[in-house]
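Novice: Just dropping this structure here.
The values are calculated or read from the model by the stated rules, or taken from the named source; none is laboratory data. On a predicted model such as this, the values are computed, not experimentally measured, just so you know. All Cβ positions, even for glycine, are placed from backbone atoms using ideal geometry, and neighbour counts span all protein chains on display.
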Amino acid sequence: MKIQNNKRWMIIYGVTAALLIIVNYLLNLEIFDSWAEYIPFMKKFTLSLFLICLIFLISKIIAKIITKQDYLEGDSYNLLRIVRFLAIFLSLIVGAAFLFQNLVAAAVSFGLISLVLGFALQAPISSFIAWIYLIFRRSYLVGDRIQIKGFRGDVIEIGYLDTSIQECSGDYLVNDRISGRIIRFPNSLILREEIINYSGFEAPFIWNETPLQVAYTSDLQFIENCLLEASRRDFKERYPNLADKKHLQWDPAVYFRINSFAWMEAVISYPVEPKDTTDRRNRILRYALPLLNAAPEKVKFPEGSLR
């Protein structure tokens, strides 16, 4: 859809630019001599519109090239935002040059306006500067799961002034599912708050753990083997390429601890993608519980009054 829209706008800007340059040329014909006093203004006006259309045409061509490249979703999004911003900025300069007759006057005017707005719009300007920081620092990208000042969710948009995330967990959930709520916060928040990024190209996994209550008389070695087998099986099915390479840093582990109810807990610790925490836990339990239940003489679970 985006590629089709780009093609449509490329055609619109290209045709409009061609028509404007033709009109600019036709204004030199003798038939328009009766409008001589308006000709300079009209020529400058059509030339300015031609340059603006040309700028946006070039931006759409660059956007098309970016979308065809094999970039990460977040990097592609940021590049498109930069191209769009530069197109708008250059168009404003062309428009100012038309209004103020020359670039020097336009630059002075921009300077004075910026000085006034700098005092009046400190918060939006801080957010815009934070956007530039985000572009170069890449603290988070579109698609990343982040946490900032109590907000946690998946980044769906990084605007010039604010960021939108799709909340996970939240007030009504006790898992990492998407809650359905959209949270928007000003970009300037990242300049004064710590950011926790659960996603990223360099470290695709985070660590999660799932406890199971068992009795002290259970066969701990058997339980450990079952849990490891279940976790490794799911990892191999989900990530066959990584499983074949035997990445030791992503190998699951089991440890035992005493909980507050005086039962022992067998805890399986395993790597998981941030957006897959709930589903991976469910898959591991579905694989592990049949193995554990198949040996009741080795595995004692809380049941009846023994809880």
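Novice: If you scan the range 160-185, which residues turn out to be part of a loop (DSSP other than H, G, I, E, B) and within 14 Å of the chain's Cα centre (by Cα)?
Specialist: Hit for the range 160-185 is 160, nothing else.
Novice: Also, I was wondering about something else. Being in a helix (DSSP H, G or I) and not assigned by TED's automatic domain parsing to the domain that holds residue 169, is that true of even one residue in the range 249-259?
Specialist: There is at least one residue in the range 249-259 that is in a helix (DSSP H, G or I) and not assigned by TED's automatic domain parsing to the domain that holds residue 169.
Novice: Let me confirm something: among 219, 162, which residue is modelled with pLDDT of 90 or more and either assigned by TED's automatic domain parsing to the domain that holds residue 268 or not charged (D, E, K, R) (or both)?
Specialist: Residue meeting the stated conditions: 219.
Novice: Here's something else I'd like to know. Any idea which of 139, 218, 188 is among the small types (Gly, Ala, Ser), touching a residue at least 24 places away in the same chain (Cβ under 8 Å), farther than 24 Å from residue 289 by Cβ and not in a helix (DSSP H, G or I)?
Specialist: Result: 139 is the single residue among 139, 218, 188 that is among the small types (Gly, Ala, Ser), touching a residue at least 24 places away in the same chain (Cβ under 8 Å), farther than 24 Å from residue 289 by Cβ and not in a helix (DSSP H, G or I).
Novice: Now for a separate question. Can you tell me which residue among 288, 266, 230 is under 30 Å from residue 178 (Cα atoms) and either in contact with a Cys (Cβ under 7 Å, 6 or more places away or on another chain) or part of a loop (DSSP other than H, G, I, E, B) (or both)?
Specialist: The unique qualifying residue is 288.
Novice: If you check residue 192 against the conditions, is it surrounded by 17 or more Cβ atoms within 10 Å (Cβ to Cβ), out of contact with any Leu (no Cβ under 8 Å at 6 or more places or on another chain) and among the charged types (D, E, K, R)?
Specialist: In short, no.
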